[in-house]
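*Asks:* Dropping a structure here in structure tokens format, bear with me for questions.
Just so it is clear, none of the values below were taken in a lab; they were calculated from the coordinates. Note that the coordinates shown come from a computational prediction; the quantities given were computed from them, not determined experimentally. When we count neighbours, we look across all protein chains shown, and the Cβ atoms used for this are built from the backbone with ideal geometry, even at glycine.
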Amino acid sequence: MLNHEINKAFRARLNRGGAILMPGAANALAARVIADLGFEAIYLSGAGLTNTYLGMPDLGFISLPEIAQHTATIRDSTDLPIVVDADTGFGNALNVRHTIRTLERAGASAIQLEDQVSPKRCGHFSGKDVVDLGEARGRIKAAVDARQDPNLLIVARTDARATQGFAAAIERAQAFIEDGADITFVEAPESVDEIRDIPARLKNTPQLVNLVVGGRTPIMPLETLDKLGFSLVLYANVALQGAVYGMQAALGELKSKGSLDEDGPVASFKERQRLVNKPLFDELEKRYVSS
């Protein structure tokens, strides 16, 4: 499916209403697992990519070319819409324009920008700060103007809850809506009451809530968040944390026993090949290789 068709379908799905449960993927294999399990959308997590690709914490180390490369590989692996975490946009409003153009070409269906200072921090870390409102709004305006496909969605995230309070975060989200953001994302609310207030105070614009396992935001059932009015319920790094847990379990058993077979805590060889679509490549090889 062509990317503009995926984007159009994703916007239509959001407009129909009902919360979309969206896991994060740090690589194309995770994206294939997510698609195989029947999820509706994928989030390319900057934190997950930094952890997986660089083995470093989410402190602004990942670059635009690296995010674009991984966006393109995930797009090539699935037809699901991809919401891409573009951090702060990698500079001023002119840099944001370039970031949007680059990630749109790479296959993004939605691009998330935040209002943190650079270098940014994970939204659930301490010590983060935000730029002034004028600069933050300039980023969103530049993003809205830069897109080529009108169905590419701009997700405006604010981290102001941590430094300026919940009311200030809501005010920023309202300003971003005025600037043309399609979805707003108040990061790291710290109570159930705050979570309930977000869609109640930001009506008529889709809202994203980020549930971080072990983070600052209370975990709530999907059904509850749907009834509250959230459009996207994000678990950005469950796949990554699950993969770490699985690697530790499998490698721990290998280390303790000195050997491991398919009866251990691993996917089978056959299942691994199925997930990476090896039967397709076997067929292609038969088609293109002369006898």
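*Asks:* From the residues ALA35, PRO221, THR163, which one has its Cα farthest along the dipole of the range 3-243 in the positive direction, the dipole being from +1 and -1 charges on Cβ of Lys/Arg and Asp/Glu about the Cα centre?
*Replies:* ALA35
*Asks:* Taking the Cα centre of the chain as origin and charging only Cβ (+1 Lys, Arg; -1 Asp, Glu), how large is the dipole, in debye to the nearest 20?
*Replies:* Working: 32 positive and 37 negative charges, 70 e Å.
The calculation lands at about 340 debye.
*Asks:* Taking the Cβ of PRO189 as the centre, find all other residues whose Cβ is under 10 Å away and add up their charges (Lys, Arg: +1; Asp, Glu: -1).
*Replies:* -2
*Asks:* Considering only DSSP beta bridges whose two residues both sit in the chain, what percent are antiparallel, to the nearest 5?
*Replies:* 5
*Asks:* Sticking with this one: Which value does Rg/Rh take for the chain over its C-alpha atoms, Rh per Kirkwood?
*Replies:* 1.00
*Asks:* Excluding ASN27 itself, what net charge comes from residues whose Cβ is under 15 Å from its Cβ, given Lys and Arg +1 and Asp and Glu -1?
*Replies:* With Lys, Arg at +1 and Asp, Glu at -1, the neighbours total -1.
*Asks:* Treating the range 119-207 as a set of equal point scatterers at the Cα positions, no solvent, please give the Debye-formula log₁₀ I(q)/I(0) at q = 0.12, 0.14, 0.18, 0.24 Å⁻¹.
*Replies:* -0.35, -0.48, -0.78, -1.26
*Asks:* Find out how many positive minus negative residues lie around GLU253, taking Lys and Arg as positive, Asp and Glu as negative, among other residues whose Cβ is under 14 Å from that of GLU253.
*Replies:* Here the count lands on -1.
*Asks:* Oh, and also: For the range 166-291, what does the alpha-carbon gyration tensor say about shape, rounded, prolate or oblate, given a ≥ b ≥ c as the root eigenvalues, a/c under 1.5 as rounded, and a/b over b/c as prolate?
*Replies:* oblate
*Asks:* Cα centroids of the range 57-77 and the range 139-187: how far apart, whole angstrom?
*Replies:* Taking the Cα centre of the range 139-187 as reference, the centre of the range 57-77 is 21 Å away.
*Asks:* Can you name the helices of the chain, as whole DSSP H runs, whose Cα span along the helix axis is 27 Å or more and whose Kyte-Doolittle mean is not below -1.0?
*Replies:* Helices meeting the criterion: 238-257.
*Asks:* Sticking with this structure for a sec: Here are some pairs, LYS120/LYS255; LYS128/LYS203; LYS120/LYS270; which of them have Cα atoms lying more than 30 Å apart in this structure?
*Replies:* LYS120/LYS255; LYS120/LYS270
*Asks:* Convex hull volume of the Cα atoms in the range 1-108, per residue, in Å³?
*Replies:* About 105 Å³ per residue, rounded to a whole number.
*Asks:* In addition: Specify the residue with the greatest mean-square fluctuation among SER63, SER77, SER268, computed from a Gaussian network of the chain linking alpha-carbon atoms under 10 Å apart.
*Replies:* SER268
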